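Here's the structure we're looking at; comments come further down.
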Amino acid sequence: MSRTTTFLGPVLALGCLAGGAAPLAAQSPPPPGVSPRTAGGDDNPIGWAAKAGLSYVATGGNAEASTLGFKFNASYNWTRTFFTLQGGGVRSDSETRTVFAVGTGQDFVVNESTVTGTTAENYFLEAGLDRNSSARFFWQAGLGWLRNTFAGVESREAFRGGAGYIWTDPASKGAQLKTALLATFTHQKEVKPDPTADDAFVGARLVADLSVPFGRNSFNSRANLDENFQTTDDFRVTWWNSLGFSITNRLALQVSLLLYYDHRPALREVPLYDVAAGGQPVGPPAGTALVPVRKGDRELAVSFVLNIAPKKPTAAPTGAQ
């Protein structure tokens, strides 16, 4: 089964994201994190942490369009085991307005026609479970679901499992570098099936996760390389980068860039015309043709981040009973 992507150009979004660590309503979900740090101090407090975001943008007048986006992230830390659940979606609707005049140059009547339709719609859900078996070695398992019909994907379910290694000192509050190698199984249903590819395949995922704090701010970079063992030219790369600038203990400003590349994207159906002299299309469509969507996708997002996490235990005053 050919993999999928779409190219919508850079998207600049300003929203209030409650603890979101990723672009709001990204076309493709950012790579999941690779193993938490050892719980303690200000990092990953034990217990639940929740994040959620909602955005809505509407324009009216000469051009009408609306976009609704949402994102959530919930996690639980058991010190050596870490569970996370994240999801999101986006839907954009726009109105195409055609204005034309009927009559002569001095005497005419203006007519107007409008067509309203959905121009983007996609949803994703990811769940993961990490287990630290030692200070540096960890196991990871997870699953994900994606729907993006405009990119050619009716639905995609992906399962993953494997092991990873923390290359830096896990107890350090400095830079952290983690990598993992995971086995994957993917089942995908496309809007326009590719007759040369399978619906289900086994593959592998190579993951890298870098976190660099500086002062009260931070830089994060995550990258995934997914390979299809049954069709080796079918591989995907997802690279997410984020800069977070702390405003208060709870509020921060985040700038993130998500890059996505699909070497063998999904197919879409386009009109097929007869050709006249000079290569110009003529007449009504004679049929349809299947062509791949674009291989590249990128998204730029600017968000306000509100972190919601358990409070650190307060030490009892000296002499307290």
Taking the condition surrounded by 16 or more Cβ atoms within 10 Å (Cβ to Cβ), closer than 23 Å to Val191 by Cβ and of a type in the set (Lys, Arg), does Arg294 pass? no
Conditions (1) buried (at least 20 other Cβ atoms within 10 Å of the Cβ); (2) among the acidic types (Asp, Glu); (3) free of Cβ contacts under 8 Å to residues at least 60 places away in the same chain; number of the one not met by Glu154: (1)
Among the residues of the stretch 260-268, are any farther than 23 Å from Leu300 by Cα and touching a His at 6+ places or on another chain (Cβ under 6 Å)? no
All-but-one check, Thr98 against (1) within 20 Å of Val207 (Cα to Cα); (2) of a type in the set (S, T, N, Q); (3) free of Cβ contacts under 8 Å to residues at least 60 places away in the same chain, failing number (1)
Report, ordered by the first and then the second residue, all pairs with beta carbons closer than 8 Å, sequence separation of six or more or different chains, a first member in the stretch 117-146 that is of a type in the set (A, V, I, L, M, F, W, C), and a second member that is surrounded by fewer than 16 Cβ atoms within 10 Å (Cβ to Cβ) and assigned to a loop (DSSP other than H, G, I, E, B). Ala120/Leu8; Ala135/Ala171; Trp139/Ser133
When Arg80 is evaluated against the numbered criteria (1) at pLDDT below 90; (2) of a type outside the set (Val, Ile, Thr); (3) under 26 Å from Tyr56 (Cα atoms), which criterion, by number, is the only one it fails? (3)
Could you check the stretch 149-172 and list, in sequence order, the residues that are part of a loop (DSSP other than H, G, I, E, B) and of a type in the set (Phe, Trp, Tyr)? Trp167
Of (1) assigned to a loop (DSSP other than H, G, I, E, B); (2) surrounded by fewer than 14 Cβ atoms within 10 Å (Cβ to Cβ); (3) among the β-branched types (Val, Ile, Thr), Val270 satisfies every one except (1)
Here are some conditions: (1) touching a strand residue (DSSP E or B) at 6+ places or on another chain (Cβ under 6 Å); (2) modelled with pLDDT under 90; (3) not aliphatic (A, V, I, L, M). Gln106 meets all but one. Which one does it not meet? (1)
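The values are calculated or read from the model by the stated rules, or taken from the named source; none is laboratory data. Everything numeric here is computed off the predicted structure, so don't read it as measured data. Every residue, glycine among them, receives a Cβ derived from its backbone with ideal geometry; neighbour counts consider all protein chains shown.
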